[in-house]
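Beneath this line is the structure, given in structure tokens, with notes to follow.
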Amino acid sequence: MASPDKLLRVENLALHFRTRRGPVQAVDGVSFELKRGPATVVVGESGCGKSTLARAILRLLPRNVDAYRGHVWLNGTDVMTLSEEAFRRQVRWVRMSLVSQAAMNSLNPVIRIGDQVAEPLRVHRIATGKKEALRQAGEVFRLVGVSKDFLGRYPFELSGGMRQRAVLAMALITKPDIVFLDEPTSALDVLTQTNIMNVLKGIKHDLGVTFILITHDIATSSELANRAAVMYAGQLVELSDARLFFREPLHPYSQKLMASVPTLREDKKLEFIPGRPPSLLEPPTGCRFADRCTSRFGKCEEEPPFRDVGGDRWVKCWLHA
Amino acid sequence: MTHETLLSVRELRTWYELRKWGFFRAGYVKALDGVTFDLKRGDAITIVGESGSGKTTLAKTVLGLVPPTQGEMILAGEHLDGQKRGKALAWLRGNVGFVQQDPYAALPPFMTVDRILREPLVINKVSKGDQDARIDAAMGEVRLTPQSDFLHKYPHMLSGGQQQRLVIARAIILQPQLVVADEPVSMLDASVRVEILQLLRRVQETHGLGVIYITHDLSTVRYFSEYVFVMYAGKIVEKAEVRELIHNPLHPYSQALLTAISDPDPDNADTVKEVPAGEPPSLAHPPSGCRFHPRCKHHMPGLCDREEPKSFEPTPGHFAECWLFRQGGTS
Ligand SMILES: Nc1ncnc2c1ncn2[C@@H]1O[C@H](COP(=O)(O)OP(=O)(O)OP(=O)(O)O)[C@@H](O)[C@H]1O
Ligand SMILES: Nc1ncnc2c1ncn2[C@@H]1O[C@H](COP(=O)(O)OP(=O)(O)OP(=O)(O)O)[C@@H](O)[C@H]1O
Ligand SMILES: [Mg+2]
Ligand SMILES: [Mg+2]
């Protein structure tokens, strides 16, 4: 089904949560594919479903799941059909890992950092023995720019930037193909953020890890982006080669979003988007952006397809269908 | 617009006491350590600095919410320190508005919009008839319109942008002379950030308000004010016009900051940026001399690590606290 050069292919993925007020369609009908190597950034505003998308692909589900369906092909295997046990043994953290949004603040305060970073090796029985595990932890520490001396320290002895590097090391230690990074630098100061982006660039280049970077910070996302994806109200509305996207986004929402990003060096008339995103409890049946869109027309009452418009670009908009 | 000084701050220090076992003094966090600046009536300035650099401490000190350890603050001719502090504070509350970082936390959840806006008026004994008119006007100004749609809503029924507009309405409802806005847009999405900044700017201009806009995001600065101060580790290290700072940053820290900030540009993915390693120092044990010297590539041993740099003015109106500019003469 999936073509061989595709590392990951997601088809019609949906994850809805049960709440007192009804199901929240946090991710609803997302499809995309990606090759090994190029980094994809997923941008979109708070609550549009970015973190939920990563969780759906990694099958990290909370208790209140209302619906969970779709296909996730990893190297040609639909991992959605695997049992939880098989998924845990073969996929999560082995092939795909995650630096979650709050990871650097959820390190265990009473366990030495080296042991925490090495933990995935023991859980997945990859390393034999504690000594070997720590040796490998030391190696990934070097990759992320932390001295081996830190292996024996506790989280509180590390600065924010060092803790973020440690959780990155934890996501890399099993040598996965894909690493999801959920807002990895948002809590850090600008210089530290830049240093960490430099580390990510180096790892992408040297190890060939395929990163999927989730962020609301569009300017910073361009530091890693080979491809850019835009989410709106639980759906992907655009996926594109980054060079094309940053120059000329195609979806009306992407255009407005880009026009609202301030630039330091060039003078630009900033715009904002009137109105607010629809509720995910009962999202509109047609295009979810329609009632804020200045290019809206009759057809927009129907849901547009997420269409390949050529040149590694997909857009979910009737203007491009 | 009259151009007299509205706020004058001299060598202001705010240190937090560190206590051991909740009792013994174990030292100080020098969150604000010798800050000097003037704000003219009707002007807007921006203070930019990274997390922990002391921005909120500066805001709270100016607002009278934390007492300064040392230094002088004069607002519209009133001294805000020393013996008369109690009286000065009461006066201050009516003359300075505050826009907080997290709009939701700033708004009492069980009060309606109407009550939230009415409360400061009641406390300041504004007559009942005037109250309604002021509420209507303030809501109009922040575009919470039609007013009747919002008056009976509770904060959780408003979007983040609307909540922040409500916080701004509350900050201006007593017609203050100065508004301090501490990261007013950092919790908001990009698509509404600009709207709130522009709105704040418009309110500032129509009322000739003095505004101190505090942010960690240098890229928003040029959309708000002409003048900017850069903070690092409890000190203002550079003061300049926004354009001048962007094109000709003097302090090595400002230079690093400008290098670090990305504009959305696909070429970024192919370049590695040279920025200093390390992280800002602990404010309980700041480095001696210049606080940036351990990370600075221009560090002059024997000088930068020993003596605190003075404020130099190498070009008119552009100040830097850095020994590299010592030939330029002090200010
Ligand atoms: N366990 C849950 N139960 C119910 N609703 C949830 C749950 N987790 C997330 N949601 C809702 O799903 C939507 C998408 O949330 P998600 O965390 O994926 O957004 P996000 O794009 O990552 O936002 P942010 O930028 O703020 O991190 C939101 O409306 C959120 O409130
Ligand atoms: N009440 C307090 N007691 C002790 N230390 C404090 C207190 N409030 C702040 N600090 C410390 O003072 C320093 C400056 O804090 P401040 O909140 O002013 O920084 P900031 O620039 O506003 O940071 P941010 O961008 O994170 O809001 C920090 O090191 C902080 O931990
Ligand atoms: Mg998220
Ligand atoms: Mg603050």
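Could we say that A:VAL190 is within 14 Å of another protein chain (Cβ to nearest Cβ) and at pLDDT below 95 here? Yes: the conditions hold for A:VAL190. Among the residues making up segment B:156-171, those that are open to solvent by less than 20 Å² (accessible area, probe 1.4 Å) and assigned to a helix (DSSP H, G or I) are B:GLY161, B:GLN163, B:GLN164, B:LEU166, B:VAL167, B:ILE168, B:ALA169, B:ALA171.
In this structure, A:PHE245 does not qualify as within 13 Å of chain B (Cβ to nearest Cβ) and at pLDDT below 90. Evaluate segment B:186-199: report whether one residue or more is under 15 Å from the mean Cα position of the chain (by Cα) and within 16 Å of ligand 2 (Cβ to nearest atom). Among the residues of segment B:186-199, at least one is under 15 Å from the mean Cα position of the chain (by Cα) and within 16 Å of ligand 2 (Cβ to nearest atom), which makes the answer yes.
Contact map, segment A:35-53: first residue more than 12 Å from every other protein chain (Cβ to nearest Cβ), second residue within 16 Å of ligand 4 (Cβ to nearest atom) and open to solvent by 10 Å² or more (accessible area, probe 1.4 Å), Cβ cut-off under 9 Å, separation 6 or more or different chains; the map is empty.
Taken over segment A:201-219, the residue count meeting the criterion of being within 14 Å of the chain's Cα centre (by Cα) and in a helix (DSSP H, G or I) is 1. A:ALA259 passes every criterion in (1) open to solvent by 10 Å² or more (accessible area, probe 1.4 Å); (2) within 22 Å of the chain's Cα centre (by Cα) apart from (2).
Considering segment B:1-32, and only residues there that are among the aliphatic types (A, V, I, L, M) and in contact with a Leu (Cβ under 9 Å, 6 or more places away or on another chain), the residue that is surrounded by the most Cβ atoms within 10 Å (Cβ to Cβ) turns out to be B:LEU32. Among strands (runs of 3 or more DSSP E) entirely within segment B:178-280, having at least 1 residues that are in contact with a strand residue (DSSP E or B) (Cβ under 9 Å, 6 or more places away or on another chain) and surrounded by fewer than 23 Cβ atoms within 10 Å (Cβ to Cβ) singles out B:178-182, B:227-232, B:235-241. Checked against the criterion of being closer than 23 Å to A:GLN25 by Cβ, of a type outside the set (Lys, Arg) and at the interface with chain B (Cβ under 7 Å from one of its Cβ atoms), the candidates A:ILE218, A:ILE273 yield just one match: A:ILE273. The condition of being touching a Gly at 6+ places or on another chain (Cβ under 7 Å) and not assigned by TED's automatic domain parsing to the domain that holds A:VAL24 does not hold for A:CYS317. Take the conditions (1) under 20 Å from the mean Cα position of the chain (by Cα); (2) modelled with pLDDT under 90; A:THR128 misses just one of them, which is (1).
Considering A:SER31, A:SER83, the condition of being more than 16 Å from ligand 3 (Cβ to nearest atom) and either open to solvent by 50 Å² or more (accessible area, probe 1.4 Å) or within 14 Å of another protein chain (Cβ to nearest Cβ) (or both) is satisfied by A:SER83 alone.
So that you can scan it fast, the table gives a plain yes or no per residue for (1) among the β-branched types (Val, Ile, Thr); (2) facing chain B (nearest Cβ under 8 Å):
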site: A:ALA166; (1), (2): no, no
site: A:PRO176; (1), (2): no, no
site: A:ASP182; (1), (2): no, no
site: A:THR185; (1), (2): yes, no
site: A:HIS205; (1), (2): no, no
site: A:PHE211; (1), (2): no, no
site: A:ALA259; (1), (2): no, no
site: A:PRO262; (1), (2): no, yes
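The values are calculated or read from the model by the stated rules, or taken from the named source; none is laboratory data. Small disclaimer: the values here were computed from a predicted structure and weren't measured. Backbone-built Cβ (ideal geometry, glycine too); neighbour counts: all protein chains shown. Heads up: the accessible areas ignore ligands, DNA and RNA and are worked out on the full protein's heavy atoms, side chains in. Shrake-Rupley method; radii C 1.70, N 1.55, O 1.52, S 1.80 Å.
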